[in-house]
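Each reported figure results from applying straightforward, stated rules to the coordinates on display, with no laboratory input. None of the values given here were measured: they were computed from a predicted structure. Counting neighbours? That spans all protein chains shown, and the Cβs are built from the backbone with ideal geometry, glycine included.
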Amino acid sequence: MLEKINNFFKISERGSTVKTEITAGLTTFFAMAYIVVTNPNQVIGFNFDYAGMTSVWNAVYVASIIVAVIGTLLYAFYAKLPFAQACGMGLNSFFFVSFILPEIVAGSDAVQGYREGLCIILLSGVVFLVLSITGARHYIAKALPDCLKKAIPAGIGLFIAFIGFINSGIIKPNQYTYVQLFDFHGAVVGAENGLAAWRAIAPVVFALLGLFAVAVLEHFKVKGSVILTIVCSTVLYYLTTWTLPSFELSQVGQSFKDFAEYGLFGAFKGFTIFAGGVGAVLNAIVLIITFTLVDMFDTIGTLYGTASQANMLDENGDPININESMTSDSIATVSGALLGTSTCTTFVESASGVAAGGRTGLASVVTAFCFIICLFLSPVAALVPTCATAPALIYVGVLMLKNFASVDMRDITSAVPAFLALIMMPLTYSISNGIAVGAIAYVLISLVSGKYTKKDIVVTIIAILFTLRFFLISM
């Protein structure tokens, strides 16, 4: 049996073991498990009190898990890569702002707005699938300038690390400086007692200690250092803060009922978005293009980043099995729309499993199985505090930054676009925005400096489309 698994997934061929793949799959799941609860929260904008939104939350909760299983298994058995899929952060917020929030502000039917959003996601997924099947998306990915190919993984690394810093509370918002370090003194002084003070600072303390622990374990080449740190941090967190995770089983039945009534095939009830004349049709078309572009470049960026981290690039510096990967992503997006959730995309947190040694689709099978467990129990994410998974994300950021070292910083025409792609991802909280700004900068600088060539036509089209998106769509 083990021999068949090994041969199917080419585990030995890629220098891995079954044990390592299982560890990697668990690591990826724990790093991205937050999406199980976060996605439905983002889709409804935490508006539980508005009519129908609790039912929509339940529908999105179930749909999010099912589509994560479908998308991740596609990676496991079709692309045969250690990547996972789930509903994209940022895309879910964009979904809320574009479709549900306007209905809430107008006092209208937000449930119908949700269905219209699913309709747009479905159509963008179909466009995405056509581009994948025809190979057009593959061609677009390969046409990216070399400086952007190298900067994108590093930018994703910064983005992932930033997510870890935010999730753990190490970095906090500040109205004057935008961000700041966690205020240990304020947390302790403002607490009622010693235990309350410790509970306030414990997430940050364990996140920082976890990062140091991963670094030390990796230095001594301890196998499974990331998952070991997550488990130990979780146990210590609950023991020292005197808190216990809780399962909520009473809502499982209602969640499936709402999923069947509101989410499943809800996209087919959302074609009303085209009603209202030319203006409505044009708005819908722009939204379809926008979601397609965002999903496409989030996926391309994540693929380049994670494949680079796993040394899964071909001789041209492109991810192996890129056609299969992109097709898997587009099928998952279509599936998500039919099930009732926002755009499904390749998850950047897959890099944490790669860092744990994952090299084959077996890791994705393990991750998908963990999501199945979430479907029938209260979210497994509730068992693992974010402070325990944050070190994995930050550590991955450290590893992925090494890609930027190969950018030719002596050539300013390459250095500036690469830097902008690098820095704009975390600053705008979007992979696609980073690629967009980098592409626009590359085209403009190349044109003015006289370095523009015929091969830059594709990146020029990308830059133009993103420029139109910035001016036509409020993000």
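Side notes on the structure shown:
- Mean Cβ neighbour count within 10 Å, used as a protection proxy, ranking 436-443, 266-273, 57-64, 188-195 highest first: 57-64, 436-443, 266-273, 188-195
- Which label in [x] 39, 32, 23; [y] 31, 29, 24; [z] 45, 35, 16 gives the computed semi-axes √(5λ) of the Cα gyration tensor in Å: [y]
- For Asp329, Asp49, Asp295, Asp109, order by how many other beta-carbon atoms lie within 10 Å, fewest first: Asp49, Asp109, Asp295, Asp329
- Here the calculated FRET efficiency for Ala260 and His185, from their Cβ-Cβ distance with R0 = 56 Å, stands at 0.65, rounded to the nearest 0.05.
- Prolate/oblate/rounded call for the stretch 92-213, Cα gyration tensor, a/c under 1.5 rounded: oblate
- For a label point 7 Å along the Cα-to-beta-carbon line of Ile461, residues of the stretch 95-132 with backbone N under 17 Å: 127-132
- By the count of neighbouring beta-carbon atoms within 10 Å, fewest first, Leu81, Leu468, Leu148 end up ordered Leu468, Leu148, Leu81.
- Listing Tyr78, Tyr304 from fewest to most neighbouring C-beta atoms within 10 Å gives Tyr78, Tyr304.
- Taking the chain and dividing mean pair separation by its residue count, relative contact order in percent (alpha carbons under 8 Å, at least six apart): 35 percent
- Averaged over residues, the count of other Cβ atoms within 10 Å places the peptides 168-177, 385-394, 7-16 in the sequence 385-394, 7-16, 168-177, highest first.
- Cross-link pairs exceeding 22 Å between alpha carbons, from the set Lys10/Lys142; Lys149/Lys172; Lys149/Lys451: Lys10/Lys142; Lys149/Lys172.
- Theoretical ellipticity at 222 nm over the chain - DSSP helices of four or more residues, -39500 (n - 2.57) apiece, nearest 500: -21500 deg cm²/dmol
- Radius 14 Å from Cβ of Ser414, net charge of other residues (Lys, Arg +1; Asp, Glu -1): 0
- Protection-proxy order for peptides 128-136, 19-27, each taking the mean of Cβ atoms within 10 Å per residue, highest first: 19-27, 128-136
- Spatial separation of Cα centroids for the stretch 29-50 and the stretch 186-247, in angstrom: 23 Å
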